[in-house]
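Notes to accompany the following structure.
The values are calculated or read from the model by the stated rules, or taken from the named source; none is laboratory data. These numbers come from a predicted model, not from an experiment. For neighbour counting, all protein chains shown are included, and Cβ atoms are generated from backbone atoms with ideal geometry for every residue, glycine included. Surface areas here come from the heavy atoms of the whole protein model, side chains and all, with no ligands, DNA or RNA. Shrake-Rupley method; radii C 1.70, N 1.55, O 1.52, S 1.80 Å.
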Amino acid sequence: MKIEELKEGIRNISEPRRTGYGNIRHKLEDIIIIGLCTIICGGEDFADMETFGKSRQEYLSKFLELPNGIPDGDTFRRVFEKLNPSELSSCLINWISCERTKRGTVAIDGKTICGSGNGKHKAYHVISAFVAENQLTLGELAVEEKTNEITAVPELLDLIDVKGDIVTADAMSCQKKIVEKIIKKKADYAIGLKQNQPALYKDTKDYFNEFCDDIPMKSTLDDFAAARS
């Protein structure tokens, strides 16, 4: 993942600041890259971005222009608040994808964020796409409830490139629209099926019973009792 490739992608992000007038002292690519490096290194807020940049200015100047030094925390805040999140997300996903394994396994999964609920809303549920071979998270979407996962998965698939990959998901994603979206993105899929969809479950079971002698198959058995002992 070369820094020049990231800088090239950032040039496709719309400049959120006033370019016709005003005093733009820092390059957009410098602000975004310093912010990204700060988060990767464990920073949490805009003040951390300023601190990180100043403590590593000599190193950062090797690949960033920094015409007026390191931006302050307020500058980071104003720029990131105005950035188009979809454009930034696409830029980072494209950059990360440069190092992805071909024909990878992209696992779609949802997790509830503990402690994110309050009196106004329930705990947030995050849908993520994880590439197992590269240990990379391609994208994430937050929804308010687990049941919203059904509508969020197609939106997440629109944000990422899964062409040629194998998309895996649990039974929550066993929906026609999700499968159609995966096929449209030119990927294969392996999705769990449970008996809460009785007709589809019965048809699938009958199919495998009918053709089990003609197609390759493998059965596994997990001994949960032994695993807990």
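Numerical summary
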{"read-out": "Residue 10 vs. criteria touching a residue at least 24 places away in the same chain (Cβ under 8 Å) and closer than 22 Å to residue 142 by Cβ", "value": "no"}
{"read-out": "Counted residues, the stretch 55-69 - those being more than 17 Å from residue 7 (Cα to Cα) and touching a Lys or Arg at 6+ places or on another chain (Cβ under 7 Å)", "value": "1"}
{"read-out": "Every residue from the stretch 59-87 that is out of contact with any Ser or Thr (no Cβ under 9 Å at 6 or more places or on another chain), open to solvent by less than 60 Å² (accessible area, probe 1.4 Å) and outside any loop (DSSP other than H, G, I, E, B)", "value": "60, 69, 75, 79, 80"}
{"read-out": "Check on residue 160, β-branched (Val, Ile, Thr), within 21 Å of residue 111 (Cβ to Cβ), touching a residue at least 12 places away in the same chain (Cβ under 8 Å) and touching a Gly at 6+ places or on another chain (Cβ under 7 Å)", "value": "yes"}
{"read-out": "Any hit, the stretch 174-186, residues being at pLDDT below 85 and hydrophobic (A, V, I, L, M, F, W, C)", "value": "no"}
{"read-out": "Listing of helices (runs of 4 or more DSSP H) fully contained in the stretch 130-225 that carry 3 or more residues being more than 30 Å from residue 94 (Cα to Cα) and among the aromatic types (Phe, Trp, Tyr)", "value": "198-211"}
{"read-out": "Residues that are open to solvent by 20 Å² or more (accessible area, probe 1.4 Å) and closer than 23 Å to residue 2 by Cβ, drawn from the stretch 44-54", "value": "52"}
{"read-out": "Any hit, the stretch 197-220, residues being in contact (Cβ under 8 Å) with a residue 12 or more places away in the chain, among the aliphatic types (A, V, I, L, M) and open to solvent by 60 Å² or more (accessible area, probe 1.4 Å)", "value": "yes"}
{"read-out": "Cβ-Cβ under 6 Å pairs, at least 6 apart or on other chains, the stretch 62-87 side within 26 Å of residue 156 (Cβ to Cβ), far side open to solvent by less than 40 Å² (accessible area, probe 1.4 Å)", "value": "79/31; 82/16; 83/16; 87/13"}
{"read-out": "Filter result (crowded, with 17+ Cβ neighbours inside 10 Å and either more than 20 Å from residue 70 (Cβ to Cβ) or in contact with a Phe, Trp or Tyr (Cβ under 7 Å, 6 or more places away or on another chain) (or both)) within the stretch 14-33", "value": "31"}
{"read-out": "The one condition in (1) more than 22 Å from the chain's Cα centre (by Cα); (2) closer than 30 Å to residue 157 by Cβ that residue 52 fails to fulfil", "value": "(2)"}
